[in-house]
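Heads up, the thing below is written out as structure tokens.
Bear in mind that the values in this text are calculations on the coordinates, not laboratory data. The shown structure was predicted, so the numbers you read here are calculated from the model rather than taken from an experiment. FYI the Cβ positions are ideal-geometry reconstructions off the backbone, even for glycines, and counts take in every protein chain you see.
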């Protein structure tokens with residue numbers, strides 16, 4: 001496999017089939033992200049292992065979300081971001097253009113992602129991932145042409161390092177009791193969120209593993225041509241999701257108040273296991289969605305069309321979720337942080353996602369891009385060249 005042409009020679013597929021799985025995955029991903037963010041409203045806050053309290057339904061919802069969503073949505077986001085980097089540069093590589101141009105394109109996009117992400121953090125939400133992915137693109141733009149072995153080796157190292165970081169962060173959250181980045185005033189909250197900007201490189205390192213595997217998957221066209229990889233996708237789905245659930249068990253038991261670690265070392269080990277197996281969950285979700293897309297084929301009903309429209313505007317509607325959490329959690333506004341049961345909080349997350357589905361579908365029917373996608377596309381490609389269709393992160 002050539003380093004300058006890292007994509008295998010494969011027959012082109014019809015556009016409806018080729019693009020369905022990646023966009024469908026992004027639409028579903030935004031539901032998982034909304035559910036993950038909903039924990040800001042219940043007593044567990046940003047500590048995955050802290051019980052949210054409430055009645056039996058709240059306990060069940062928290063157990064389900066800890067097992068299937070928390071720490072599992074972010075890896076899917078990373079996989080799709082890495083996949084999108086390959087989609088963005090593929091035609092340049094296949095046309096025999098200088099790989100350096102592809103790297104420059106990725107870095108330009110990465111620089112603007114950092115700008116978007118920093119603004120998102122300061123103005124709306126401290127848990128933004130856009131800026132961290134931008135840092136990754138700036139630092140590791142050349143990863144799109146790395147040999148497969150290097151991709152997997154670096155991914156393994158960063159996965160372990162990221163697991164350790166998550167463990168340290170969660171133990172600190174449990175020890176200090178800090179759950180939300182909020183202050184009595186809106187300006188104070190913005191300053192508090194801005195104080196976390198220096199850790200962006202660390203966040204980028206923690207997210208690098210899924211992104212690198214997403215690059216590998218993009219080069220293989222796993223989501224675009226699921227029929228060629230049906231057996232592999234089935235294996236990943238059947239193994240990935242159970243591994244993710246079992247790996248989350250130590251944290252899930254703590255979240256529902258059924259188990260307390262005997263020592264900080266045991267608790268740290270549980271968090272590392274929780275974090276590392278999150279990647280298995282992200283891979284499992286991606287595989288399931290690819291198989292569903294294969295089953296659907298060209299049959300796209302209203303629900304599928306709406307989800308694809310959302311997926312094609314995922315950056316816009318990822319950011320669009322944040323005003324809901326800002327209004328809900330800020331003490332100067334509704335101040336509901338830690339005050340809502342886990343079930344009600346999840347319901348707010350689902351309702352928020354459903355609104356974005358409806359709006360995205362309307363934009364799709366009108367033939368309009370998401371505002372964030374349109375702006376970053378213009379900023380990335382404003383050299384005057386006609387851009388290729390690029391998947392949004």
Cβ density ranking, 10 Å radius, fewest first, applied to 227, 70 yields 227, 70
Ordering 252-262, 138-148 by per-residue average of other C-beta atoms within 10 angstrom, highest first, gives 138-148, 252-262
Output the Cα-based Rg and Dmax of the range 177-247 in Å, rounding Rg to one decimal and Dmax to a whole number.
19.5, 55
In what sequence do 348, 213 fall when counting other Cβ within 10 Å, fewest first?
348, 213
Cα coordinate range in the range 230-379, projected on the principal axes (Å, largest first):
57, 53, 32
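To make sure I understand, if each residue's beta carbon is the centre and we count other beta carbons within 10 Å, what order do 107, 368, 26, 91 fall in, fewest to most?
Working: 107 18, 368 11, 26 29, 91 14.
Ordered from fewest to most neighbouring Cβ atoms within 10 Å, 107, 368, 26, 91 come out as 368, 91, 107, 26.
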Can you list the equivalent-ellipsoid semi-axes of the range 113-256, largest first and in whole Å, using the square root of 5 times each Cα gyration tensor eigenvalue?
31, 22, 14
Using only the Cα atoms, work out Rg/Rh for the range 216-311, with Rh taken as the Kirkwood radius, to two decimals.
1.14
Do me a favour and compute the ellipsoid semi-axes for the range 102-145 from its Cα gyration tensor, root of five times each eigenvalue, largest one first, whole Å.
22, 9, 5
A convex hull over the alpha carbons of the range 15-381 yields, per residue, a volume in Å³ of 132 Å³
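For the chain, what is the calculated [θ] at 222 nm in deg cm²/dmol (nearest 500), taking -39500 (n - 2.57) for each run of four or more DSSP H residues and dividing by its residue count?
Numbers: 15 runs with 271 residues, N = 393.
Helices in the chain give a 222 nm mean residue ellipticity of -23500 deg cm²/dmol.
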